[in-house]
Amino acid sequence: MTTDERRPWALILGASSGMGEATAGALAAAGYDICGVHLDPRSRRAHVDEIAERIRALGRTALFLNMNAADDARRSSAIATLADRFAEIRAEGGRPHLRVVLHSLAFGSLAPYIADSGSPAIDRRKMEMTADVMAHSLVYWAQDLFAAGLLEDGSRIIAMTSEGSSLVVPTYGAVSAAKAALESHVRQLALEFGHRRTGITVNAIQAGVTMTPALMKVPVHDQIIEMSRRRNPSGRMTTTEDVARAIVGLASDAFGFVNGAVIPVDGGEAITH
């Protein structure tokens, strides 16, 4: 937990499963109020309600917004909602602080570049959608949060990436390209916020292969899981809890001068062949 006297909040993009869900819980346990952005059908609402109740049971606020995080109008509305909540807290004498912004959006096309029999190749719309959701949306959220005055000294923007940014996996091409772009955006945002002396840092967490709904959608997930267990020096896969704990640490004052980095959280998997 930070020694900052302001009331810490975390904005989690992709809060209803995987890394986002685990991080929301870990940050709430560390004293953060949570604003969770997610996109789920009615059949998944009960699970989202359970996440929110767990956060409230820890004595923290749980503000969850079901929306497409890559939609410009929805993004503006969500930021306005969060800004209004902060204004209410300030009117009551509080000092809210958006300490963490986690970009954990995992929605993209897994179509191959070259068509196979019965499997069409990726098209322009799917390629651009994947990059927009998984990479470019980070920039737009950072721009709008900063313009709204919600990012300030001590704010940490953290993006979720993977080895897919540099490794080749069948059908993963569009996602790989998006992850590579995401890491480039992280470096550029870190530079520009740094030059402005804002005290805002931007980093990426490169998680090892982790059992998440996004992984299970990859057609060759069984092979990926087997390879991960074989390569990882620990003999096990990375867990969402491993990642969540790392993010809690990265959000602390001790890591305030870490900026523009891609930080592996994988037990040494990425360096092992």
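The values are calculated or read from the model by the stated rules, or taken from the named source; none is laboratory data. None of these values were measured; they are calculated from a predicted model. Please note: Cβ atoms are built from the backbone with ideal geometry, for glycine as well, and neighbour counts cover all protein chains shown. Side chains are part of the model used for accessible areas, which takes the heavy atoms of the whole protein and leaves out ligands, DNA and RNA. Shrake-Rupley method; radii C 1.70, N 1.55, O 1.52, S 1.80 Å.
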Arg187 accessible area, 1.4 Å probe, all protein chains in place, Å² to nearest 10: 120 Å²
Difference of contour (0.36 nm per residue) and Cα-Cα distance, Val262 to Ser184: 27.1 nm
Relative contact order (%) - criterion: Cα under 8 Å, at least six apart; region: the chain: 20 percent
Contour minus Cα-Cα distance for Phe255 and Glu152 (0.36 nm per residue): 35.5 nm
The range 47-67-the range 200-271 distance, computed between alpha-carbon centres (Å): 24 Å
Globularity index of the range 145-273, i.e. its alpha-carbon radius of gyration over 2.2 N^0.38 Å: 1.14
Other-chain or far-sequence residues with amide H under 5 Å of Ile263's (modelled H): Ala204, Ile205, Gln206
Separation between Cα centres of the range 9-46 and the range 96-143, rounded to whole Å: 19 Å
Interchain or long-range residues, amide H under 5 Å from Leu63's placed H: Ile34, Cys35, Gly36
Per residue, the convex hull volume that the Cα atoms of the range 221-270 enclose (Å³): 89 Å³
Structure-based [θ]222 nm, the chain - -39500 (n - 2.57) summed over DSSP H runs of at least 4, per residue, nearest 500: -13000 deg cm²/dmol
For the range 1-98, average projected area of the Cα convex hull in nm²: 6.3 nm²
Kirkwood Rh and Cα Rg combined as Rg/Rh, the chain: 0.96
Highest-first arrangement of 128-135, 84-91, where packing means the average Cβ count within 10 Å: 128-135, 84-91
Estimated FRET transfer efficiency (Ser76, His136; beta-carbon r; R0 22 Å; 0.05): 0.90
Potential lengthening between Arg45 and His195 on full extension [0.36 nm per residue; Cα-Cα distance subtracted]: 49.8 nm
Percent RCO, i.e. relative contact order, over the range 132-249, from Cα pairs under 8 Å lying at least 6 residues apart: 27 percent
Scaled radius of gyration (Cα, divided by 2.2 N^0.38 Å) that the range 46-196 gives: 1.23
